[in-house]
Structures are given as structure tokens and as C-alpha cells.
1. Looking only at the range 1-23, how many residues end up being acidic (Asp, Glu) and closer than 13 Å to Arg95 by Cβ?
2. Do you know which residues across the range 15-45 are small (Gly, Ala, Ser), free of Cβ contacts under 8 Å to residues at least 40 places away in the same chain and in a loop (DSSP other than H, G, I, E, B)?
3. Looking at (1) within 24 Å of Gly101 (Cα to Cα); (2) part of a strand (DSSP E or B); (3) open to solvent by less than 50 Å² (accessible area, probe 1.4 Å), which is the one condition that is false for Ile6?
4. What number of residues in the range 70-102 are over 25 Å from Asn42 (Cβ atoms) and in contact with a Pro (Cβ under 8 Å, 6 or more places away or on another chain)?
5. If Arg95 satisfies all but one of (1) part of a strand (DSSP E or B); (2) open to solvent by 40 Å² or more (accessible area, probe 1.4 Å); (3) basic (Lys, Arg); (4) touching a Lys or Arg at 6+ places or on another chain (Cβ under 9 Å), what's the number of the condition it fails?
6. Can you pull out every residue in the range 52-85 that is over 17 Å from Gly21 (Cα atoms) and touching a residue at least 60 places away in the same chain (Cβ under 8 Å)?
7. Considering only residues of the range 46-80 that are among the hydroxyl-bearing types (Ser, Thr, Tyr) and either open to solvent by less than 70 Å² (accessible area, probe 1.4 Å) or touching a Lys or Arg at 6+ places or on another chain (Cβ under 6 Å) (or both), which is farthest from Lys98 (Cα to Cα)?
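The values are calculated or read from the model by the stated rules, or taken from the named source; none is laboratory data. Here the structure is a predicted model, which is why all the values come from computation and not from measurement. Glycine gets a Cβ as well: all are built from the backbone with ideal geometry, and neighbour counts include every protein chain shown. Side chains are part of the model used for accessible areas, which takes the heavy atoms of the whole protein and leaves out ligands, DNA and RNA. Shrake-Rupley method; radii C 1.70, N 1.55, O 1.52, S 1.80 Å.
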Amino acid sequence: MNKLHIKKDDTVIVLTGQDKGKTGKVLKVLVAENRAIVEGVNLVSKSTKPSAKNPQGGIIKQEAPIHISNLSLIDPKSGKATRVSIQHDGKNVKRIAKKSGEEIK
């Protein structure tokens, strides 16, 4: 299993692809596949049969996973894309933004 620089509830920006430049919150990280699902990014149309939740059925839009390499964290200070540095304080691990030196919560 790989260690990833992106976690759930982080704010990220898309670096490449059809949604380049869009930002969103990470809803889920798929560690085994090196992918993440980001709110409002990489939307696909899915056909659904009528069910109790959706009695009408039809076509719905939902987010599809996007590869982690196409995402970058947003610096909390400047609001731009940044790389991540890891600092170890005993058992505690901190993620630090390379651009500003701020800790990423």
C-alpha cells in the first residue's frame, strides 16, 4: 500500500485533464487504486433503474475517481497548488505546505 499526500476532506486542485483548474473537496480516497473522488470533478453520466430511492429512474451525474497524480493540495495561505512535506515529531506526523510553510490540517 502506498502512502498518499492527499486525505479525505482536503481541498485540492486538478492539474491535468478535462477538469484542469477546478477545485473541490476530497470525498473519498481509494488507496489501493491511487485514486480519489473529488466533489464536482470528473462527472460521469450513469443510467439508473427505478428504485425506492429514485422512483423515476433515468440518467444521473456522479463523480468518478481521478488519479492522485493529477491532483495537488491547495496551500492554506496563498490558495494556490503546493507540494507537501512530512515532518515527524515523535509519533505525530505533520503535513507542511512547501510554498508557505503552513501546516495542513
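1. Initial filter on the range 1-23 (acidic (Asp, Glu)): 9-10, 19.
Now restrict to residues that are closer than 13 Å to Arg95 by Cβ: 9-10.
Number satisfying all stated conditions: 2.
2. Of all residues in the range 15-45, those small (Gly, Ala, Ser) come to 17, 21, 24, 32, 36, 40, 45.
Those left that are additionally free of Cβ contacts under 8 Å to residues at least 40 places away in the same chain: 21, 24, 32, 36, 40, 45.
Scanning the range 15-45 gives Gly21, Gly40.
3. (2)
4. The total comes to 2.
5. If we test Arg95 against (1) part of a strand (DSSP E or B); (2) open to solvent by 40 Å² or more (accessible area, probe 1.4 Å); (3) basic (Lys, Arg); (4) touching a Lys or Arg at 6+ places or on another chain (Cβ under 9 Å), just (2) comes out false.
6. Correct list: Val84 only.
7. Checking each candidate, the answer is Ser51.
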